[in-house]
Amino acid sequence: MVTIDTLKPGDTWACPKCHRPITMYTGGAVRGSLRAHKAGGGTCDGTGYGPFRRAFPQEMRVFGRDEAIARVRDVHGMPDWEPPVYAPGDLQEFVAAVWPQAKSFTIVGSGDRRGLVFTVGSRRWHYATHDCRLSGRCDFQADALDAFDEHEKRNSSV
Ligand SMILES: [Zn+2]
């Protein structure tokens, strides 16, 4: 069993996304994170996953929101834990922790329900809501903006 303390070059961890054995960085701040690798024609979302650091953003990237919440509750022994609610600045930091390559952020929505629309590489747009929900992939910014508006219509009951 590989641990963060005994980690050495050549050690692998099963990528939680593509399930192949992937070697890990052994030094610096990224020690214990899975090295960059491809899956399905692009960078695998398991790239950079750190099995020894079970933080919500990376669990979210790899497992999706519901399972990520369940994992945080389990790992940290906090059965009632909920994702934080963020203003756009902190929300952008959260998104960057999920997808370090995210950019072109635009603030959307209004009041205390403002979210972000952003890119994660070419022709890959997403939105993020104030309560840490991330959309599926859209080809165009306009589609991500529309999807955010629809999400808000469904979820703002006032
Ligand atoms: Zn992978």
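Brief remarks on what is shown
- Residue count, region 98-119 (criterion: surrounded by 17 or more Cβ atoms within 10 Å (Cβ to Cβ) and under 11 Å from the mean Cα position of the chain (by Cα)): 3
- Those residues of region 38-64 which are buried (at least 17 other Cβ atoms within 10 Å of the Cβ) and in contact with a Gly (Cβ under 9 Å, 6 or more places away or on another chain), in sequence order: 50, 51, 58, 61, 62
- When residues of region 28-77 are limited to those that are closer than 20 Å to residue 133 by Cβ and among the aliphatic types (A, V, I, L, M), the one modelled with the lowest pLDDT: 55
- Residue check, residue 95 surrounded by 15 or more Cβ atoms within 10 Å (Cβ to Cβ) and either assigned by TED's automatic domain parsing to the domain that holds residue 46 or under 15 Å from residue 60 (Cα atoms) (or both): yes
- Selection status of residue 75, in contact with a Cys (Cβ under 9 Å, 6 or more places away or on another chain) and of a type outside the set (S, T, N, Q): no
- In this structure, residue 9 qualifies as part of a loop (DSSP other than H, G, I, E, B) and of a type outside the set (Phe, Trp, Tyr).
- Strands (runs of 3 or more DSSP E) wholly inside region 16-123 containing at least 1 residues that are away from the ligand (no atom under 15 Å from the Cβ): 103-108, 115-119
- Candidate set: region 1-37, residues that are of a type in the set (Ser, Thr, Tyr) and more than 21 Å from residue 61 (Cβ to Cβ); chosen: the one surrounded by the fewest Cβ atoms within 10 Å (Cβ to Cβ): 6
The values are calculated or read from the model by the stated rules, or taken from the named source; none is laboratory data. Keep in mind that this is a model prediction, so the values were computed, not measured. Ideal geometry is used to build each Cβ from the backbone, glycine not excepted, and the neighbour counts take in all protein chains shown.
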